[in-house]
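Visitor: Below is one structure. I have some questions about it.
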Amino acid sequence: MQTSVAMTDIGRKRKVNQDYVYASDAPVGNLPNLYIVADGMGGHRAGDFASSYAVQQIVRSIQRSTETRPALILQKAVRYANFCLYEKSMEYEAYQGMGTTLVALTVFGSEALAVNIGDSRLYEISKEGIRQISEDHSLVAELVRKGELTPREARRHPDKNIITRALGIQEEAEIDLFPFHADSGSKYLLCSDGLSNMVEDEDLFRIIRQDKDLQEIGGELLMKANRNGGLDNIAVVLVEIDDSEVRI
């Protein structure tokens, strides 16, 4: 069993909130639970439409799916949402060029599965430390993987916001799946870059490991990002795995 909280904040500089969050501890179709963060892009409200519409289409697809394997359920749902977004961008001039990043998580028993496209992230926070499970699809992340930049240099790079993949920008989406073991007592953070760019990993770990309820921890994360500048919208979904319910 797991508990969760989802919240988003417009930040201190933006006029529109293009982040969208979704969290269900109850089953969604054949998935036992579902957690999503989407960070939209596009001018004149196209970004906030892209993120909310993509998540709505993913949830709808999962609810209708007859598949039983989580990987296939998520893959098909995300690809369906990409198709729907792309079609909308072709139909309406105001939506041309819109897209969204996406990171999603489902936990089943002692296992979990994440999917991502773009630079929204999934972190695992345990007593051992914090680790990023998802991999960013961004220009600076590719340079880090090639050894041309250090992670610290990437955080301050002028091109850190350039993403190399997103939902809705082309007819087919290239997504990554991350199956992993869901550790008992761990917390999982799904977030947009409005949090990860504003708050260092060490501070994320310190805040999330506090002995407080998830709502209070989420509020502290939003506050910390805003205190550090709040340059972008901020999205947070926190999932806590109950020690007594995870079966190895």
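Visitor: In this structure, is E171 acidic (D, E) and at pLDDT 95 or above?
Guide: In short, no.
Visitor: Here is a further query. Checking I36 against (1) part of a helix (DSSP H, G or I); (2) crowded, with 17+ Cβ neighbours inside 10 Å; (3) among the aliphatic types (A, V, I, L, M), only one condition comes out false. Which one?
Guide: In the conditions (1) part of a helix (DSSP H, G or I); (2) crowded, with 17+ Cβ neighbours inside 10 Å; (3) among the aliphatic types (A, V, I, L, M), I36 misses (1) alone.
Visitor: Within segment 168-197, work out how many residues are outside any loop (DSSP other than H, G, I, E, B) and either out of contact with any strand residue (DSSP E or B) (no Cβ under 7 Å at 6 or more places or on another chain) or more than 30 Å from R227 (Cα to Cα) (or both). Before you say what the answer is, go through the steps one by one.
Guide: To start, the set of residues in segment 168-197 that are outside any loop (DSSP other than H, G, I, E, B) comprises 176-181, 187-191, 193-196.
Restricting the remaining residues to those that are either out of contact with any strand residue (DSSP E or B) (no Cβ under 7 Å at 6 or more places or on another chain) or more than 30 Å from R227 (Cα to Cα) (or both) gives 176-181.
Going through segment 168-197 one residue at a time, the tally reaches 6.
Visitor: Checking R152 against (1) in a helix (DSSP H, G or I); (2) touching a Leu at 6+ places or on another chain (Cβ under 7 Å); (3) not polar (S, T, N, Q), which single condition isn't satisfied?
Guide: (2)
Visitor: If you check S138 against the conditions, is it modelled with pLDDT of 95 or more, at negative phi, touching an Asp or Glu at 6+ places or on another chain (Cβ under 9 Å) and crowded, with 18+ Cβ neighbours inside 10 Å?
Guide: On the way: modelled with pLDDT of 95 or more: no; at negative phi: yes; touching an Asp or Glu at 6+ places or on another chain (Cβ under 9 Å): yes; crowded, with 18+ Cβ neighbours inside 10 Å: yes.
It is false that S138 is modelled with pLDDT of 95 or more, at negative phi, touching an Asp or Glu at 6+ places or on another chain (Cβ under 9 Å) and crowded, with 18+ Cβ neighbours inside 10 Å.
Visitor: Looking for something among the polar types (S, T, N, Q) and either closer than 15 Å to A38 by Cα or touching a residue at least 40 places away in the same chain (Cβ under 8 Å) (or both) - is there at least one such residue anywhere in segment 113-122? Before you say what the answer is, go through the steps one by one.
Guide: Step one: filter segment 113-122 for residues among the polar types (S, T, N, Q), giving 116, 120.
When the remaining residues are screened for being either closer than 15 Å to A38 by Cα or touching a residue at least 40 places away in the same chain (Cβ under 8 Å) (or both), the result is 116, 120.
Yes - at least one qualifying residue is present in segment 113-122.
The values are calculated or read from the model by the stated rules, or taken from the named source; none is laboratory data. As the structure is a prediction and not an experimental result, all values here were calculated from the model. Using ideal geometry, Cβ is built from the backbone for each residue, glycine included, and neighbour counts are taken over all protein chains shown.
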